[in-house]
Amino acid sequence: MNGTEPEWLLWAREIQATAQSGLAFTRDPYDRERYEALTALAARMMARCGGADETALLDAFRAEAGYATPKVDVRGAVFDAENRILMVRELVDGGRWTLPGGWADVNQTASECAVREVREETGFVVRASKLALVHDRARQNHRPAGPHSIYKLFFLCELLGGEAAGSLETAEARFFGRHELPADLSTGRTLPHQLERLFAHRADPSLPTEFD
């Protein structure tokens, strides 16, 4: 188990996942009641220990269906000819900076999702060229911690065209050199050591994909 998140969060997340998977497969009405009670318990634990809204958590958990698996977040690392990396300033999270990206959508490959997110959030057209990092959000010590287990996929992307533009989610898009990266990062989405690794992959494309 990872040591970067509190044990109560790990326990509550596991209870919720067990309940969700149980509800997906059980045919016994009494077991269904038990799994629903476990779902409510997980929401209560997260709300009491983490200061979240219990009703909102319970609604979110009830909206999940099927066997519980991690969610997938995709990020595009786009470099220009001067080896600067493209970042966006978000309209949420205090206007902090992150790599363009978001949740993976159904009926699209992971790389297609990354390319789409870059276009929507920055105005630039890109092509995904390499899967550089596959990170577990909790293991990498992203903050703040959240209720879900999340895999984060970072793709190196080639710049094809377009021009910088804001979006419904971002205030601006800008390229930064390796030694001029913004200090106010959205640490729930992008961390300094991940940016360092992406610069390393840009410099040496033969590096293998890094995971965990």
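Here is how the numbers come out for the structure above:
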{"read-out": "Residues that are surrounded by fewer than 16 Cβ atoms within 10 Å (Cβ to Cβ) and within 18 Å of the chain's Cα centre (by Cα), drawn from region 121-138", "value": "Val134"}
{"read-out": "Residue match in region 179-202 (condition: touching a Cys at 6+ places or on another chain (Cβ under 6 Å) and buried (at least 18 other Cβ atoms within 10 Å of the Cβ))", "value": "no"}
{"read-out": "Scope region 1-37; condition surrounded by 13 or more Cβ atoms within 10 Å (Cβ to Cβ), closer than 14 Å to Ala68 by Cα and not hydroxyl-bearing (Ser, Thr, Tyr); matching residues", "value": "Ala12, Arg13, Glu14, Ile15, Gln16, Ala17, Ala19, Gln20, Gly22, Leu23, Ala24"}
{"read-out": "In region 34-85, the residues that are of a type in the set (D, E, K, R), under 19 Å from the mean Cα position of the chain (by Cα) and within 30 Å of Glu196 (Cβ to Cβ)", "value": "Lys71, Asp73, Arg75"}
{"read-out": "Pair list, Cβ < 9 Å and 6+ apart or interchain, from region 89-107 residues that are without any contact (Cβ under 8 Å) to a residue 24 or more places away in the chain and closer than 28 Å to Thr69 by Cβ to residues that are surrounded by 14 or more Cβ atoms within 10 Å (Cβ to Cβ) and not acidic (Asp, Glu)", "value": "Asp105/Cys113; Asp105/Arg116"}
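Any read-out appearing in this document is the output of simple, stated calculations on the displayed coordinates, not a laboratory observation. Predicted model only: the values in this text are computed from it and were never measured. Heads up, the Cβs are rebuilt from the backbone with ideal geometry, glycines too, and the neighbour counts pull from every protein chain shown.
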